[in-house]
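The values are calculated or read from the model by the stated rules, or taken from the named source; none is laboratory data. A quick note: this is a predicted structure, and the numbers were derived from the prediction, not measured. Neighbour counts are summed over all protein chains in view; Cβ atoms, including those assigned to glycine, are modelled from backbone coordinates with ideal geometry.
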Amino acid sequence: MLRRQFRVATLLAGANLLAMNMAADSVSERAKKLHFSSIVVDTHDDTTQRLLDPKFDLGARHAEGSIDIPRMKEGGLDAIFFSIWMSGKVTGPEAVERATAQINAVREQIRKHPNELVLATTADEIRTAKKRGKIATLIGVEGGHMINSDLSVLRAYAGLGARYMTLTHSVNVEWADSSTDKSAHNGLTDFGKEVVREMNRLGVIVDISHVSDKTFYDVLALSKAPVFASHSSCRAICDAPRNMTDQMIKDLAAKGGVIQINYHVGFLSQEFRNAEKKDPSINEAISKEVKRRCPNETEMDEACQLLEGDKITRDYVAAGKLPKVDYTKIIEHIDHAVKLVGADHVGLGSDFDGANMPYGMEDATMLPKITEALLQKGYSESDIRKILGENTLRVMSEVERVSKELNKKK
Ligand SMILES: [Zn+2]
């Protein structure tokens, strides 16, 4: 009898759990209405690598990866920052040449899909794009190594439409320290400070994702405009050096900035991070398999590596060798940051097509689930709109205002 009761109770608990999961996964009419009427901005996507492949059609729906026009539409993604990226080890004129080619590849997509995409360089242009039913397409340069220590290159990128630059990627640049390299400059060098001043003047957002804590504080002390982290999560939940501490999030917010939460499982979940650290042979085996599937050192194979890396990681999760991370972990990071600094300083920077996505957030079509989850947590509609995009638009407007002022003075 006891046993039977137990079994019934377990069955009921199971049924409840199932119902809860279904409730979280299915998006209510209220959430859909809110999501699709909001301006949804994603400040970091690595899809640019795929654009370098002449056979890749952004206008077609793909089974692989996370981003294409049909899936952005289905997920209500209104504005996307395509990341211009290459390893920080590529430097000098080669880095400039490759970055320029990537910027042109993004611009070429806008030319090819004029009914769906439009280049946006200001907050107002994003709002106009939304009104016209087009996806605002923006450009962010992920790594100061691509300016080859030359302000005229920075100006050229701004002229081509780049609206943020991440000061470093995962290794130091000649003028700024990265969070995942040994300190070489104690933050920003004098030239690094000039770069930040020039970005303020040009109206290019200073992106502090990836930089060392000292670089971050040097930027905060110097920048006349608010700054953002285009794709960083909370270090209090997952102790990755490129995530932000609670104090950093507070100091960023005090200057009007925004932390755009990154969806990569290794930055969301301590459990995942621990599992990776505990058995380094797993990552070594994944890297080896990635190299086998995408053997060439070309930029096109970098796209292949990013996609295959995600697939192989999923195989390891399926085999029980790495923990399964659910998309609700994104909500946990958003909520942590909101509890620290309020809803005015948190946004979305997925790292789609450049990282390992959690279960339930495999691509852009799943974005309305974030709106649903925040509603279920009791967030107000206006706070959700801020997190989905309005906070980023506010930072952009401020950066534009400061740029105008600085140009007047000269
Ligand atoms: Zn990154």
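A few comments on the model shown:
- Against the criterion of being touching a helix residue (DSSP H, G or I) at 6+ places or on another chain (Cβ under 7 Å) and more than 29 Å from Lys408 (Cα to Cα), His145 qualifies.
- For beta carbons closer than 6 Å, sequence separation of 6+ or different chains, a first residue in region 105-132 that is in a helix (DSSP H, G or I) and a second that is surrounded by fewer than 17 Cβ atoms within 10 Å (Cβ to Cβ), the qualifying pairs are Ala105/Leu52; Ala123/Ser397.
- If you go through region 33-80 and keep only what is in a loop (DSSP other than H, G, I, E, B), under 18 Å from Lys369 (Cα atoms) and either of a type in the set (A, V, I, L, M) or more than 16 Å from the ligand (Cβ to nearest atom) (or both), you end up with Ser38, Ile39, Val40, Ile67, Gly75, Gly76, Leu77, Asp78.
- Candidates Thr166, Thr180, Thr215, Thr189 - the one that is more than 27 Å from Ile331 (Cβ to Cβ), in contact with a His (Cβ under 9 Å, 6 or more places away or on another chain) and not aliphatic (A, V, I, L, M): Thr215
- Elements of type helices (runs of 4 or more DSSP H) contained in region 300-410, each with 1 or more residues being within 16 Å of the chain's Cα centre (by Cα) and closer than 21 Å to Cys238 by Cβ: 328-341, 368-376
- Residue check for Ile312: under 20 Å from Thr392 (Cα atoms), away from the ligand (no atom under 16 Å from the Cβ) and in contact (Cβ under 8 Å) with a residue 24 or more places away in the chain: no
- Filter result for the condition that a residue is more than 30 Å from Ile282 (Cβ to Cβ) and aliphatic (A, V, I, L, M), over Ala303, Ala343, Ala318: Ala343
- Residues of region 152-168 classified as farther than 22 Å from Thr137 by Cα and either crowded, with 16+ Cβ neighbours inside 10 Å or within 12 Å of the ligand (Cβ to nearest atom) (or both), total: 1
- Selected residue (only one of Glu125, Glu198, Glu142 is in contact with a Phe, Trp or Tyr (Cβ under 6 Å, 6 or more places away or on another chain) and at pLDDT 95 or above): Glu142
- Region 337-365, residues that are away from the ligand (no atom under 16 Å from the Cβ) and crowded, with 19+ Cβ neighbours inside 10 Å: Ala337, Val338, Val341, Ala343, His345, Val346, Pro358, Met361, Asp363, Ala364
- None of Val211, Val219, Val265 is surrounded by 24 or more Cβ atoms within 10 Å (Cβ to Cβ), under 19 Å from Gly192 (Cβ atoms) and within 16 Å of the ligand (Cβ to nearest atom) except Val211.
- Selection from region 280-299 of residues that are surrounded by 18 or more Cβ atoms within 10 Å (Cβ to Cβ) and not in a helix (DSSP H, G or I): Cys294
- Taking region 225-242 as the range and being touching a Leu at 6+ places or on another chain (Cβ under 9 Å), surrounded by 21 or more Cβ atoms within 10 Å (Cβ to Cβ) and under 15 Å from Val341 (Cβ atoms) as the test, the residues that pass are Pro226, Val227, Phe228, Ala229, Ser233, Cys234.
- Flag for Ala236 being within 20 Å of the chain's Cα centre (by Cα), within 16 Å of the ligand (Cβ to nearest atom) and under 24 Å from Asp326 (Cα atoms): no
For every residue, the table says whether it meets (1) touching a Ser or Thr at 6+ places or on another chain (Cβ under 9 Å); (2) not polar (S, T, N, Q).
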site: Pro323; (1), (2): yes, yes
site: Lys329; (1), (2): yes, yes
site: Ala337; (1), (2): yes, yes
site: Gly342; (1), (2): no, yes
site: Lys377; (1), (2): no, yes
site: Asp383; (1), (2): no, yes
site: Thr392; (1), (2): yes, no
site: Lys408; (1), (2): no, yes
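- So Glu142, is it more than 21 Å from Thr100 (Cβ to Cβ), of a type in the set (Asp, Glu) and within 23 Å of the chain's Cα centre (by Cα): no
- You will find that of Gly140, Gly144, the residue that is farther than 13 Å from Phe82 by Cα and within 16 Å of the ligand (Cβ to nearest atom) is Gly144 and no other.
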